[in-house]
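To start, the structure under review is shown below, and the notes come after it.
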Amino acid sequence: MAEPKLVEDKISGDQSPPRAVSIDQAPAAVLGEGSLDPVYEAKAKVLNKAIQDIGMGKYQWQLFIVIGFGWASDNLWPIVTSLIFTPVKLEFKPDRAPYLTLAQNIGLLIGAVFWGFGCDIFGRRWAFNLTIGVTAVFGLIAAGSPNFAAIAVFATLWSIGVGGNLPVDSAIFLEFLPGSHQYLLTILSIDWALAQVFATLVAWPLIGNSKYTCAITDTNCTKGENMGWRYFMLVMGGVAMIMFFLRFVCFTIYESPKFLMGKGNDAEAVKVVHEVARRNGTTSTLTVEDLDQFNSLGGPLAEQSQSHATAAVKRNLEKINLSHIRSLFATRKLAYSMVLITTAWAFIGLGFPLYNAFLPYLQETRGAKFGDGSTYLTYRNSLIIAVLGVPGCLVGGVLVETPFVGRKGALALSTILTGVFLFCSTTAVTSDALLGWNCAYNFMSNIMYAVLYAYTPEIFPTKDRGTGNAITASANRIFGIMAPIVAMFANLDTAAPVYVSGALFIAAGVLVLLLPFESRGKASM
């Protein structure tokens, strides 16, 4: 069987004979040789080389900005739910207030599954444009909620949009990045941290203002006395709508070249590469023949590349199947990696909400005294904690490119230290002590999430990346759903859940060390 290994290097305007360029000149791949379909693997290397040759330009930097909206939304809206929780509970007096958090987590799970799996089937573009739009619409509508059931339903609906941001956005950004700039996926988490700062700053004068929010001791809280959270929802929904407008109207998103190639549409993949080059003010030498030459290697993708009418109909009929899931477990090494990273996401998904749900009860039973409990003190501390998340993301961006540390080292260390500082926070008996430990663990957790959100999509092949993101995010959301249920029905007088939470982070960090792939200095496939 012929095994083409060369690609003609056709320089525009160069009259000399074309030069043969080995695909081995492409950046080293994250996934080892033989892990993927041979045709897909060979073509992915050619596309990686083409994107690397184009370089980091105007299109990718614009994409960096609009993709940041998705990162911001992923953190912003769960914080929105936590900030409106108390005034909503005071106004509507539900029997089980944690149902609001449960409703949100169910929506996040649905969103992760729907958008994550869907973007591997129907493409990235429509999911990229719709996720924030869905969030904006239902976030604005939620401001008019007449009762607790309504706000819970709207929380589910806006969370369906939120749940798709990271699975889709991380995939599409990574697929346009040159291998030399994949660290930017970690730096993107600065938007995640800034969202927390922004939400806290907006909530302070609205929800934290006694003019707009009922006092905790108020037994007859009416809508007119409690408009702060509704104003807050209008601001958050309005910001999401602006983000949607900027994405949908002011920026043109192209379908991922490797996604198109994985679907057998080599001509469109080449067309997108040339369009990105044009937007960057340069040119690309890539041709359809550079990709088609590998069809002689055989395999499923070679058959798929024969884009005749019959083959197209057959592919459309087979869209909804388990092929993307099977591909993630195609070899022992891939399956081992998939199980470990999914388990780590699950542990983290349960660890954080468990801690947040039970720590106040633990501290109360130990007689902790946290100052005067004023609104000023509460929001001041929240702002300090949120601000410290920003440098955490930047430190993560440095660590992932540091030799002998890389993605795995940065992720394992930050995850373990998050668990350690979480344990330490249970010892706080003063407001300042609690603030100090919370700053420390928020700093480390921001490093952890920055690296986790970047490393995870890097170890999935493009054609299955949305599915891989969906599986890991779903594990995270499913375990997140368990936390408010535990909070409603468990014995709140025990410290065990908080200690379990810390242990889960440490266990997740250990699992990361066992992962077989290190993506530092390598191009995603």
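Restricting to the stretch 410-458, give me the number of residues that are under 22 Å from the mean Cα position of the chain (by Cα), farther than 24 Å from Asp191 by Cβ and open to solvent by 10 Å² or more (accessible area, probe 1.4 Å).
Final tally of qualifying residues: 1.
Here are some residues: Ala475, Ala483. Which one is of a type in the set (Gly, Ala, Ser), surrounded by fewer than 24 Cβ atoms within 10 Å (Cβ to Cβ), touching a helix residue (DSSP H, G or I) at 6+ places or on another chain (Cβ under 8 Å) and assigned to a helix (DSSP H, G or I)?
Working: Ala483 fails: surrounded by fewer than 24 Cβ atoms within 10 Å (Cβ to Cβ).
The match here is Ala475.
Of the residues Ala193, Ala171, which single one is within 28 Å of Leu383 (Cβ to Cβ), modelled with pLDDT under 95 and part of a helix (DSSP H, G or I)?
On the way: Ala171 fails: within 28 Å of Leu383 (Cβ to Cβ).
So the residue among Ala193, Ala171 that is within 28 Å of Leu383 (Cβ to Cβ), modelled with pLDDT under 95 and part of a helix (DSSP H, G or I) is Ala193.
Suppose we keep only residues that are farther than 26 Å from Gly123 by Cβ and among the aliphatic types (A, V, I, L, M) within the stretch 188-201. Which one would you say is farthest from the chain's Cα centre (by Cα)? Please lay out each step first, then the result.
Here is the first cut: in the stretch 188-201, the ones farther than 26 Å from Gly123 by Cβ are 190, 193-201.
Now restrict to residues that are among the aliphatic types (A, V, I, L, M): 190, 193-195, 197, 199, 201.
Working: Ile190: 12, Ala193: 13, Leu194: 15, Ala195: 14, Val197: 18, Ala199: 18, Leu201: 23 Å.
Checking each candidate, the answer is Leu201.
Select, from Lys263, Lys258, the only residue that is modelled with pLDDT under 85, within 18 Å of Tyr59 (Cα to Cα) and surrounded by 18 or more Cβ atoms within 10 Å (Cβ to Cβ). Working first, answer last.
Working: Lys263 fails: within 18 Å of Tyr59 (Cα to Cα).
Selected residue: Lys258, the only one of Lys263, Lys258 that is modelled with pLDDT under 85, within 18 Å of Tyr59 (Cα to Cα) and surrounded by 18 or more Cβ atoms within 10 Å (Cβ to Cβ).
When the residues of the stretch 497-523 are filtered to those that are at pLDDT below 85 and open to solvent by 50 Å² or more (accessible area, probe 1.4 Å), which remaining residue is nearest to Thr456 (Cα to Cα)?
The extreme case among them is Glu518.
If Thr213 meets every condition in (1) crowded, with 22+ Cβ neighbours inside 10 Å; (2) not in a loop (DSSP other than H, G, I, E, B) apart from one, which number is that one?
The failed condition is (2).
Has the stretch 216-232 got at least one residue that is part of a helix (DSSP H, G or I) and of a type in the set (A, V, I, L, M)? Working first, answer last.
Pass one, the stretch 216-232, residues part of a helix (DSSP H, G or I): 228-232.
Remaining after also requiring of a type in the set (A, V, I, L, M): none.
Checked the stretch 216-232: no residue is part of a helix (DSSP H, G or I) and of a type in the set (A, V, I, L, M).
Report the residue count in the stretch 47-62 for those that are surrounded by fewer than 21 Cβ atoms within 10 Å (Cβ to Cβ), touching a residue at least 24 places away in the same chain (Cβ under 8 Å) and assigned to a helix (DSSP H, G or I).
Summing the residues that are surrounded by fewer than 21 Cβ atoms within 10 Å (Cβ to Cβ), touching a residue at least 24 places away in the same chain (Cβ under 8 Å) and assigned to a helix (DSSP H, G or I) in the stretch 47-62 gives 4.
Among the residues of the stretch 153-194 satisfying the criterion of being among the acidic types (Asp, Glu) and open to solvent by less than 10 Å² (accessible area, probe 1.4 Å), which is nearest to Pro257 (Cα to Cα)? Quick ask: steps written out before the conclusion?
From the stretch 153-194, those among the acidic types (Asp, Glu) are 169, 175, 191; that's our starting set.
Next cut, open to solvent by less than 10 Å² (accessible area, probe 1.4 Å) only: 169, 175.
Working: Asp169: 15, Glu175: 7 Å.
The extreme case among them is Glu175.
The values are calculated or read from the model by the stated rules, or taken from the named source; none is laboratory data. Computed from a predicted model, the values in this text were never measured in an experiment. Using ideal geometry, Cβ is built from the backbone for each residue, glycine included, and neighbour counts are taken over all protein chains shown. Note: areas computed on protein heavy atoms with side chains; ligands, DNA, RNA excluded. Shrake-Rupley method; radii C 1.70, N 1.55, O 1.52, S 1.80 Å.
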